[in-house]
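The values are calculated or read from the model by the stated rules, or taken from the named source; none is laboratory data. Predicted model, so just to flag it, every value in this text is computed and none were measured. All Cβ positions, even for glycine, are placed from backbone atoms using ideal geometry, and neighbour counts span all protein chains on display. Heads up: the accessible areas ignore ligands, DNA and RNA and are worked out on the full protein's heavy atoms, side chains in. Shrake-Rupley method; radii C 1.70, N 1.55, O 1.52, S 1.80 Å.
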Amino acid sequence: MIVRKSKSELEAMREGGRITAACLQLLSESVRAGVTTKELDSMAEDFIRSNDGKPEFKGYPGAPGAPDFPGSICASPNAMIVHGIPGSYRLKDGDVISLDVGVRYEGFVTDSATTVAVGEIPPDAEGLLETTRQCLMAAAEQVKVGKRLGDIGHAIQNLAESRGYGVVRDLVSHGVGRKMHEDPQIPNYGRPGTGPRLQPGMTFAIEPMITLGDYDIRMSEWDGWSIYTADNSLAAHYEHTVAVTENGPWILTKP
Ligand code: MG
Ligand code: MG
């Protein structure tokens with residue numbers, strides 16, 4: 001069931017979304033060669049808590065046999081697509097790093113991610129980041145009354161594949177609200193004009209994951225969390241929490 005939020009609930013989500021956005025901005029500005037992902041994580045946790053939020057990822061239950069997620073953010077460099085555990089990895093020039101933040105505020109979660117270049121990156125990596133960002137905005141543009149769920153994934157797939165990139169299929173965009181992962185699951189590919197109709201108050205975390213290679217994924221064999229491209233190609237990941245309103249898309253995690 002897709003839970004719709006009231007106007008006042010959306011306003012609370014927007015307040016949380018501002019914290020999420022500001023946190024991502026702080027992290028993006030702190031990315032440089034020599035910084036560890038653990039340092040970024042500590043910075044994020046301090047920032048979120050000092051703004052009366054709670055880092056939603058911390059303690060998130062893992063798959064059977066895996067530990068609960070230990071970090072406040074996910075930090076996923078290069079061929080790692082998502083769910084990277086912050087730790088001793090030290091950023092170096094030429095890396096790209098996906099930073100993913102989830103904040104609980106006044107009972108509601110907002111979820112947003114960006115991918116940042118460390119120093120100079122090659123043109124093909126620049127192109128991947130730019131296209132993934134455009135995929136997110138094209139998908140967000142579909143989040144309005146009169147559209148259907150399939151229109152969101154189609155917008156992503158259409159743009160990414162027309163430029164020869166891979167669209168990760170085994171990880172999805174999702175509903176978000178009182179829980180981080182609510183119905184529906186939203187594949188980042190799809191057929192236009194299919195699926196449930198979008199209605200005011202629905203809130204989605206839209207998160208294209210796009211690769212320079214193929215779309216197959218590989219789970220880390222040792223930490224139970226990190227997910228990589230199977231072909232070790234570079235991946236990019238951008239995410240916003242977006243609400244359907246009578247007046248069109250409302251990006252709740254916009255800075
Ligand atoms: Mg996220
Ligand atoms: Mg998400």
**OP:** Could you please give the count of residues in the range 179-204 that are open to solvent by 40 Å² or more (accessible area, probe 1.4 Å) and within 13 Å of ligand 2 (Cβ to nearest atom)?
**Re:** 3
**OP:** Evaluate the following for Thr36: is it open to solvent by 10 Å² or more (accessible area, probe 1.4 Å) and in contact with a strand residue (DSSP E or B) (Cβ under 6 Å, 6 or more places away or on another chain)?
**Re:** yes
**OP:** Identify all residues within the range 1-33 that are under 26 Å from Ser88 (Cβ atoms), under 16 Å from the mean Cα position of the chain (by Cα) and either surrounded by fewer than 19 Cβ atoms within 10 Å (Cβ to Cβ) or among the hydrophobic types (A, V, I, L, M, F, W, C) (or both); write none if there are none.
**Re:** Cys23, Leu24, Gln25, Leu27, Ser28
**OP:** Report the residue count in the range 189-214 for those that are over 15 Å from Ile2 (Cβ atoms) and either of a type outside the set (S, T, N, Q) or under 12 Å from the mean Cα position of the chain (by Cα) (or both).
**Re:** 12
Original post:
Restricting the search to the range 205-236, which residues are open to solvent by less than 20 Å² (accessible area, probe 1.4 Å), within 16 Å of ligand 2 (Cβ to nearest atom) and either more than 27 Å from Pro67 (Cβ to Cβ) or in contact with a Leu (Cβ under 9 Å, 6 or more places away or on another chain) (or both)?
Top reply: Ile206, Glu207, Pro208, Met209, Ile210, Ile227, Ala235, Ala236
Original post:
Among strands (runs of 3 or more DSSP E) lying entirely in the range 96-186, which contain 3 or more residues that are among the hydrophobic types (A, V, I, L, M, F, W, C) and either within 16 Å of ligand 1 (Cβ to nearest atom) or over 12 Å from the mean Cα position of the chain (by Cα) (or both)?
Top reply: 96-105, 108-117
Original post:
Which number in (1) surrounded by fewer than 24 Cβ atoms within 10 Å (Cβ to Cβ); (2) among the β-branched types (Val, Ile, Thr); (3) closer than 20 Å to Ile210 by Cβ marks the one condition that Val145 misses?
Top reply: (3)
Subject >> Hits in the range 39-82 (condition: at pLDDT below 95 and buried (at least 23 other Cβ atoms within 10 Å of the Cβ)) >> reply: none
**OP:** Give the residues of the range 67-95 that are part of a strand (DSSP E or B), within 16 Å of ligand 2 (Cβ to nearest atom) and not β-branched (Val, Ile, Thr), sorted by residue number.
**Re:** Cys74, Ala75, Ser76, Met80
Original post:
Tally time: how many residues in the range 96-125 are buried (at least 23 other Cβ atoms within 10 Å of the Cβ) and within 16 Å of ligand 2 (Cβ to nearest atom)?
Top reply: 14
